[in-house]
Amino acid sequence: MFREAKRRVRWITPEQAKRLLEELPEHQRKVVLFALATGLRQANVIKLEWSQVDLDRRVAWIHADQAKGRKDIHVSLNSVAVGVLQEQTGKHHSRVFTYRGRPINQANTKAWKGALKRAEIENFRWHDLRHTWASWLVQHGTPLNVLQELGAWESEGMVRRYAHLAPAQLAQHAEVVSNLLDGTIAAQLSREKGLAEANPL
């Protein structure tokens, strides 16, 4: 059997994302901003319907037949995602994202590629918005098991691709042992000092 190739992880910084958003036309800016806020795959974003959204509860859901893993996906909507949805309210009776009154059916357009070029972002695909969302979460302390749940990945191995982006959080946990050892070493040194003072040469 051949070894499976490692999957590519490409992400951009918040500063790069800001540049990209500024270069996109308004209708695509909303789509990309929603993707960055939720981590949803391209098809799940552009085909999202109002029947899948509950703004009062700040949740959305992807039905099993729309999901890559063929399982329902619960989406917790943060304030940015809610803001995007509120701006889209009333533009179409069923679909969330539209252009000139019609549902958007394509994201990887000439406008998308032009915006990337003007923002000076290279080697970046639309799906890398999902990688960016996951990378930002891990870099800011989200545990991998929580990321797996948020991103609806089927296996832990799928999210371990992002583990190397959390050195600061790993160091924080490693320091727990250091703190325990510090207490043990300090106590040992204190005892040795006491013995030395009690039994001077």
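The values are calculated or read from the model by the stated rules, or taken from the named source; none is laboratory data. This structure is a prediction, so every number in the text was calculated from the model and none was measured. When we count neighbours, we look across all protein chains shown, and the Cβ atoms used for this are built from the backbone with ideal geometry, even at glycine.
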For the stretch 13-71, the count of residues that are of a type outside the set (S, T, N, Q), part of a helix (DSSP H, G or I) and surrounded by 13 or more Cβ atoms within 10 Å (Cβ to Cβ) equals 19
Read through the list (1) modelled with pLDDT of 95 or more; (2) in contact with a strand residue (DSSP E or B) (Cβ under 7 Å, 6 or more places away or on another chain); (3) of a type outside the set (D, E, K, R), then give the number of the only condition that VAL31 fails.
-> (2)
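Each row is one residue, and each column tells you yes or no for (1) outside the structural domain of LEU40 (by TED's automatic domain parsing); (2) assigned to a helix (DSSP H, G or I); (3) at pLDDT 65 or above.
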position	(1), (2), (3)
GLU122	no, no, yes
TRP126	no, no, yes
LEU129	no, yes, yes
SER135	no, yes, yes
ILE185	yes, yes, no
SER190	yes, yes, no
GLY194	yes, yes, no
Go through (1) more than 22 Å from LYS47 (Cα to Cα); (2) more than 12 Å from the chain's Cα centre (by Cα); (3) at pLDDT below 90 one by one and return the number of the condition ASN108 breaks.
-> (1)
Within the stretch 72-110, can you find the residues that are among the small types (Gly, Ala, Ser) and buried (at least 16 other Cβ atoms within 10 Å of the Cβ)?
-> ALA81, ALA107
